[in-house]
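Everything below concerns the one structure shown next.
Please treat every number below as a calculation from the coordinates, not as lab data. Because the structure is predicted, anything quoted here is derived from the model rather than measured. When we count neighbours, we look across all protein chains shown, and the Cβ atoms used for this are built from the backbone with ideal geometry, even at glycine.
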Amino acid sequence: MAFDHVEYVNDFPATFIIKDRIIPDINVIGIRNFVIYDSLMVLSTSNPEGIWSFISLPDLKSHGSFLKRGEGPLEFMQGPSAADKTKIVREKDQFVAYIYDFQKGKLKKLDIGQTIATGEMLLTLMEVPLPPFLSNFIMVDSCTFFIKEIENRDKQQNRYLIVSGEKTELPILGKLNQATLSEGGDFNILATNTKYSDVNKRFVEAPTGLNYINLYSLDSSIAKTICFGDKLTDIAEVENERPQWNRKIVFLNIKAFDSFFAVIHVNESFKEYEVKRKRLPSIFLFDWEGKPLAELKMHNHFTHFDFDFINQELYTFDSHSDEFFKFDVRDMLATLNRYN
């Protein structure tokens, strides 16, 4: 599940120790994940009457909770994630969210600006034909959608586009689609976290349990695999690992920003990660050519993160412990800007 062009990374040109944490006063129960867009934090929660909560930064003022769980046309059978299968953008100086409904195969548009301003949820159903139960969904533009779908009796993951309602296969995606598990294999071995940069027109894809990241564009101007170590993880070797507890969780929660992409590096066995985490995670930063920029060595466990670039702060959240922290990273960001 890699490209022919492989670059190997063993270290980073800069290392930052991130440890002076502050506990933000975020009064939201049942947080699952979160994202930051400009000065707005969106939190996904387990609250069936208000799945998404909105908080402004840096004052942490609450602007209400919206989206309901249910079987109605504008309800969600499961809570949609703000961090995945969702695109939040500015349209006419207002935030809007395009949300993929996993169970129903529908695309819904939430006018966040008007919803916050009026206190009444403004959610509409988009006329876009999409399959349900997609393993990933990324809205590239209003008529182009990047799809990942489990196929071939759960042995393969097929990446393709839907362009103006038509399924479109691309050779560059076919290279990654070739990866196949043995009959009855664990599909989680092929699980990946994929993000897209509207600014750079590039995708970055990090497998959860493999030691490499794929960076590519739909026009094939770049197709690169970044490997951490001396050789790529062999999928067949992972399948044969016994007991399965010994398989590794390598990467979590990749994020795409204008100047770089970032990913949580865990590199710990399933058993250690689920029972008692021993290794502290790092955040790896790369530019959009795949060049390593920096490693942020963290002193806390977390499963989700995001940057508030306006106030130059890093937020982390741990779904295991419900711990929310923030860190001042202005010096780190200033150093990165000097490098670039």
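Points to keep in mind about this one:
- Inter-label distance, E151 to K278: 4.1 nm, where each label sits 7 Å from its Cα along the C-beta direction.
- Estimated translational diffusion coefficient (Stokes-Einstein, Kirkwood radius over Cα pairs, 37 °C, 0.692 mPa s) of segment 76-132: 278 µm² per second.
- Backbone N within segment 133-172 under 20 Å of label point (7 Å from D258 Cα along the Cβ vector): 140-141
- Lysines whose Cα lies under 28 Å from that of K19, excluding same-chain neighbours fewer than 8 positions away: K61, K195, K248, K255, K271, K276, K278, K291, K297, K326
- Looking at segment 127-192, the trypsin sites (Lys or Arg not before Pro) that sit in a DSSP loop and have at most 16 other Cβ atoms within 10 Å of their own Cβ are R153, K155.
- Across segment 6-339, C-alpha contacts under 8 Å between residues 6 or more apart give a mean separation that, scaled by the residue count, equals a relative contact order of 15 percent.
- Per residue, the chain reaches -2500 deg cm²/dmol at 222 nm when only DSSP H runs of four or more residues are counted, each adding -39500 (n - 2.57).
- For segment 102-180, chymotrypsin sites (Phe, Trp or Tyr not before Pro) are listed when DSSP marks them as loop and at most 12 other Cβ atoms sit within 10 Å of their Cβ; the list is F133.
- Ratio Rg/Rh [Cα only; Rh per Kirkwood] for segment 6-339: 0.94
- Kirkwood hydrodynamic radius over Cα pairs of segment 247-340, then Stokes diffusion coefficient at 10 °C and 1.306 mPa s, in µm²/s: 114 µm²/s
- Counted by neighbouring Cβ atoms within 10 Å, the residues V128, V163 run from fewest to most as V163, V128.
- Compared with the alpha-carbon gap, the fully stretched path from A117 to K61 is longer by 18.8 nm at 0.36 nm per residue.
- Within-10-Å neighbourhood charge of K68 [Cβ basis; K, R +1; D, E -1]: -1
- Between D38 and A334, the simple label model (points 7 Å from Cα in the Cβ direction) yields a spacing of 2.6 nm.
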